[in-house]
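The values are calculated or read from the model by the stated rules, or taken from the named source; none is laboratory data. Keep in mind it's a predicted model, so treat the numbers as computed, not measured. Every residue, glycine among them, receives a Cβ derived from its backbone with ideal geometry; neighbour counts consider all protein chains shown. Each accessible area value is taken on the protein alone, full model and side chains, heavy atoms only, with ligands, DNA and RNA left out. Shrake-Rupley method; radii C 1.70, N 1.55, O 1.52, S 1.80 Å.
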Amino acid sequence: ENEIIAVIENEIIAVIIRGDLEINETKLSNSLGGLEIELADEETVKEITGAKIGFASPIGLKKKIKIYADHSIKTVSEAIVGGNKDDIHIKNVNIERDIKVDIWGDFRVAKEGDKCPQCGEKLYQKKGLELGHIFKLGDKYTKAFDFKVLDENNKEVFPIMGCYGIGLNRTLASIIEQNFDDKGIIFPISVAPYEVIIVAVDKEGEDSFDKAIEIYDFLNSAGIETLLDDRNLRLGVKLNDCDLIGIPMRIIVGKKSLEKGIVEFKLRNSAQTEEIKIDDIVEYVKNKKAELFNEINK
């Protein structure tokens, strides 16, 4: 068995549960009408049980307190419980014979493999991110400020308040956690900081550099959110940065491609590179943008 000594509005209680389970303090609080629960300190445990924390037992307590028990111990026989003495346990305990339970209830933390009380299927666990909060404030603050409104009967009442928040940084972390590879982020176009990044291969003053700026201006004028990487760095560094920040579409403009009248186009979520005619690039990007949004909507 596993037992805790808790304090509820200055009343000390003991809660017993099977040793392989944990007590759900929210369930316990709800069963008591939502009262606040705190674990008893070491001094209180010693006073009630006569032993240090870890050896508490419902058998032989120094003071009479209410005993709460989880339904899980009903089927336990020949149990081992604390002995209410340091480093001592009692074995062969029979629940019905040896323990007087005042209140039975469901106080356990649900775990993977438990049966769902609604459909009977087994529960499973998955990790998740908490993206938002809802705080039920009730009328605490409206009463404090003596703030009232008229209800449907034209009677003054204190409004009930709630606080609702979404964590933008948590949302971003969640998006990245679900959309990445070993090179970096793969932003869905609906939340990407930019829709297209143009990489200028050559330095300022080259014709290809001027063409990169021209395409950048055309795309932005067409309503495409576009970023221009005009840094004086090696192409490999720029491409690595493109993959790292995860902008959905990438266009590379350089001398060789300009001579052929084309640019290199690539989606961040694809390994395939395409050669697109410079005169067609704006229309091509518009169509790709529509396709990416359609994939999300599906």
Which ³J(HN,Hα) values in Hz, rounded to whole numbers, follow from the phi angles of the stretch 56-64 under the Karplus curve 6.51 cos²θ - 1.76 cosθ + 1.60, where θ = phi - 60° and Gly and Pro get x? 5, 8, x, 9, x, 5, 6, 10, 7
Listed residues Val76, Val282, Val199, most fluctuating in the chain (Gaussian network, C-alpha, under 10 Å): Val76
For the stretch 194-211, Karplus-derived ³J(HN,Hα) couplings (6.51, -1.76, 1.60; θ = phi - 60°; whole Hz; x for glycine and proline) come out as 9, 8, 9, 10, 9, 9, 7, 6, 9, 7, 4, x, 7, 4, 5, 5, 5, 5
Per residue, how much space in cubic angstrom lies within the convex hull of the C-alpha atoms of the chain? 291
The answer for Asp114, listing residues at least 5 apart or on another chain whose modeled amide H is closer than 5 Å to its amide H, is Leu123
What percent do you get for the relative contact order of the stretch 1-138 when only Cα pairs under 8 Å and 6+ apart count? 23
How much of the accessible area of the chain, in percent, comes from carbon and sulfur atoms when a 1.4 Å probe is used? 49
How large is the helix-only mean residue ellipticity at 222 nm for the chain, computed as the sum of -39500 (n - 2.57) over DSSP H runs with n ≥ 4, divided by its residue count, in deg cm²/dmol to the nearest 500? -8000 deg cm²/dmol
For the stretch 43-106: rounded, prolate or oblate by the Cα gyration tensor [a/c cutoff 1.5]: oblate
Any lysines whose Cα falls less than 22 Å from that of Lys126, other than same-chain ones fewer than 8 residues away, would be Lys27, Lys111, Lys115
At Leu123 and His89, where each label point lies 7 Å from the Cα along Cα→Cβ, what is the point-to-point distance in nanometres? 2.6
Alpha carbon centroid spacing (whole Å) that separates the stretch 56-80 from the stretch 99-136: 22
When the chain is modelled as a GNM with alpha-carbon springs shorter than 10 Å, which of Ile185, Ile12, Ile215 fluctuates the most? Ile12
Pairs Lys183/Lys238; Lys63/Lys91; Lys46/Lys100; Lys211/Lys255; Lys203/Lys238; Lys183/Lys211: which are spaced more than 18 Å apart, C-alpha to C-alpha? Lys63/Lys91; Lys46/Lys100; Lys183/Lys211
Give me the one-decimal nm value for the distance between modelled label points at His71 and Lys52, 7 Å along each residue's Cα-to-Cβ direction. 3.7
Using amide H atoms built in the peptide plane, which far-off residues or other-chain residues are under 5 Å from Ile8 H to H? Ile13
The stretch 160-239: relative contact order as a whole-number percent, Cα under 8 Å and 6+ apart: 25
Please work out whether the stretch 1-138 counts as rounded, prolate or oblate from its C-alpha gyration tensor, where a ≥ b ≥ c are the square roots of the eigenvalues and a/c under 1.5 means rounded, while otherwise a/b larger than b/c means prolate and anything else oblate? oblate
Calculate one ³J(HN,Hα) per residue across the stretch 5-14 by plugging θ = phi - 60° into the Karplus curve 6.51 cos²θ - 1.76 cosθ + 1.60, and present them in order as whole Hz with x for glycine and proline. 9, 10, 10, 10, 6, 6, 9, 8, 10, 10
By a straight-distance test (C-alpha under 18 Å), which aspartates and glutamates pair with Lys143 as possible cross-link partners, with residues fewer than eight away in the same chain excluded? Asp151, Glu156
Quick check on the stretch 169-298: take the gyration tensor over C-alpha atoms, sort the square-rooted eigenvalues as a ≥ b ≥ c, and tell me if it's rounded (a/c under 1.5), prolate or oblate. prolate
Suppose every K and R has +1 on its Cβ and every D and E has -1 on its Cβ; what is the size of the dipole of the chain about the Cα centre, in Debye to the nearest 20? 800
The stretch 1-53: relative contact order in percent, alpha carbon pairs under 8 Å with at least 6 residues between: 34
The summed charge of the Ala200 Cβ neighbourhood (under 14 Å; Lys/Arg +1, Asp/Glu -1) stands at -3
How far apart, in nm, are two points set 7 Å out from the Cα along the Cα-to-Cβ line at Asp181 and at Tyr164? 3.8
